[in-house]
1. What's the number of the only condition in (1) part of a helix (DSSP H, G or I); (2) surrounded by 13 or more Cβ atoms within 10 Å (Cβ to Cβ); (3) at pLDDT 65 or above that Ala444 fails to meet?
2. Show the residue pairs that are 6+ apart or on different chains and have beta-carbon atoms under 6 Å apart, the first residue being within the stretch 314-329 and of a type in the set (Lys, Arg), the second being surrounded by 22 or more Cβ atoms within 10 Å (Cβ to Cβ).
3. Evaluate the following for Val369: is it touching a Ser or Thr at 6+ places or on another chain (Cβ under 7 Å) and either surrounded by fewer than 24 Cβ atoms within 10 Å (Cβ to Cβ) or not assigned by TED's automatic domain parsing to the domain that holds Ser100 (or both)?
4. Being modelled with pLDDT of 85 or more and assigned by TED's automatic domain parsing to the domain that holds Val152 is the requirement here; does Gly353 meet it?
5. Need a quick list: helices (runs of 4 or more DSSP H) entirely within the stretch 256-361 having at least 2 residues that are surrounded by 23 or more Cβ atoms within 10 Å (Cβ to Cβ) and small (Gly, Ala, Ser).
6. Every residue in the stretch 278-299 that is closer than 23 Å to Phe60 by Cβ and over 18 Å from the mean Cα position of the chain (by Cα), please.
7. Out of all the residues in the stretch 290-301, is one or more in contact with an Asp or Glu (Cβ under 9 Å, 6 or more places away or on another chain) and at pLDDT 90 or above?
8. Consider Ala169 carefully, then state whether it is in contact with a Phe, Trp or Tyr (Cβ under 6 Å, 6 or more places away or on another chain) and either within 12 Å of Val370 (Cβ to Cβ) or modelled with pLDDT of 85 or more (or both).
Amino acid sequence: MSMFKWEVVDPAPGEPVAPNQRLPWGRTVGLGAQHVVAMFGATFVFPLVMGLDPNLAIMFSGLCTIGFLLICANKVPSYLGTSASFVAGVAAIRTQGGDSADVTGAILVAGLVLAAIGVAVHFAGSGLIHKLLPPAVTGAVVMLIGFNLAPVVAGTYWPQDQWIALATAAFMVCASVLLPGFWSRIAVFLALIFGYVVSVLADKVFGPITSVLPTGPEAVEHDRVSWAGVKAADWIGFPSGDLADGVSVVHGPSFSMTFILLVLPGVIALIAENTGHVKAVAEMTGDDLDPYMGRAIGADGAATAFASLFGGSPTTTYAENIGVMGATKVYSTAAYYVAGIVAILLGLCPKFGAIVNATPGGVLGGITVVLYGMIGLVGAKIWVENRVDFGNPVNMVGLAAGLIAGIGGVTLKVTDDFELGGIALGTILVIVFFHAVKGRTAEATSGEVTKRL
C-alpha cells in the first residue's frame, strides 16, 4: 500500500486516530495548522538567538518534517522544529569570532554524525545508545548545554530592555503553568506576542530607549520596535538578504575543527530527545516503534545536515507537537504533511520573516531566560525519571568535573592553535570520567570515596 493512502475515519469523541488513518481533509488541515502553531514560537526564536534567519528555519522545518516522515515510512508521527541543543555551541563559536557560515558548517558535521549514529542504531539496536550514553551521562550533558547559555542572556538580550524582559519572562512562566491545555503548550508564542505588544506600547508612552544593541559596543537611542524592514519586505519570495554578521541568509557552510567540537555535544542531546520522543509516541499509539528508533535518529541527523547546507537551522523532533497528539489523540501522519506544507508556505513570505526579525531584544531576553533554564533542567529531569543514584560515587564524582568545566567555561590548551573549552571539554570529561570508573561501582560504593563524601 502507498504511504500516501490513509484510512478515512470518523471516530467518536476520545477515540484515537492511528498514524495510518486520517480524519476528513477539512479537519486534517485544521489539525495540521494546529501543529504549526504549537511548534511556531520555539522554531523561530532559536534561529533568532543563534543569529540565523527564522524565515529559512520555518521553511526548512516543513521540508525536513516531510523528509523525516518519508524516512520513517510514516510510522513515527513527529514534527521537526528548530533544535535548542546547538544554541550554546553557536554562542561559543560567535564569541570566538566565527560567523554564520562557521556556525552552519559545524552544525552540518554534527548532523552527519547524528545520521551515522542513527544508521548504527538501526542495525545494532537501541542498546548501543544506552551503553555509551546512559541517563547519568545524557542528563549531565544536557544540563551543561542549557546552563552554559546563562551569560548569553545576561550579556546580550537582557540588558537591551530589562523591564520588558522581566515582564515577558513573568508572562511566559504564568502562561506555561496557569493556562489550560493547548494554550499552555504555545506559551513561547503567546509570550512573544505579549512582549511585542508591550514594547509597542512602551515606545508610544515612554519613547525610545537607550541601550547597547548586539551590533555595537556603544549604547544608542532606538525604538524598541522598528517596522522599517517589514514595510520594505515582499509578500512572496524566497528568503534573501544578509544576516547581522554580513553573511547571506542562504549561504554555504565553512568548516573549522575547533568550531565543530563546540557543537558536537549537541548530538548527545538530540539522541536523548529523539529516543525519548519515539518512546513517547509508541506509548501513545500502542505501536512497537523500536525498529524505527535508528531511522528516527538518522532522519533527524540528515535533516539537520540538509538544512545547514543552505544556511538553515538544526532540527529535532518537537515535544510541543507530541503534546498536541496527546491532547487530541489524533496521531495521523497526514496532519504532519499538512503542517509541513503550511510551514513551507510561511517560509516563502518575506514579510512574515521581517516581522519575526523585528522582535525586540528585551522580548528575546525574557523568553530566553526561561527557555535556557528549562533546557538545563531537562538534564535534571532525565536524572529523576531514570532514578540516577547520586549516593553512588560513580555518578557523583564521575560527572562533577565535566559539569563545572562545561558550565564554567574551563579551557584546556592542546597546542598553540587548538584548545578545548566549555561544552566540548565538559562533555569529553563527563563521558571519559564516567566510563573510566563505572565498572568499579560495587568497590567504590563500599570504599573510602563514599566515606569522604
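The values are calculated or read from the model by the stated rules, or taken from the named source; none is laboratory data. Predicted, not measured: the structure shown is a model, and the values here were computed from it. Cβ coordinates were reconstructed from backbone atoms using ideal geometry, including for glycine residues, and neighbour counts include every protein chain displayed.
1. Evaluating Ala444 over (1) part of a helix (DSSP H, G or I); (2) surrounded by 13 or more Cβ atoms within 10 Å (Cβ to Cβ); (3) at pLDDT 65 or above leaves (3) as the failure.
2. Hits for this filter: zero, empty list.
3. Taking the combined requirement at face value, the residue does not satisfy it.
4. Spelling it out, it is not the case that Gly353 is modelled with pLDDT of 85 or more and assigned by TED's automatic domain parsing to the domain that holds Val152.
5. 265-285, 293-309, 333-347
6. Within the stretch 278-299, Val281, Tyr292, Gly294, Arg295 qualify.
7. yes
8. no
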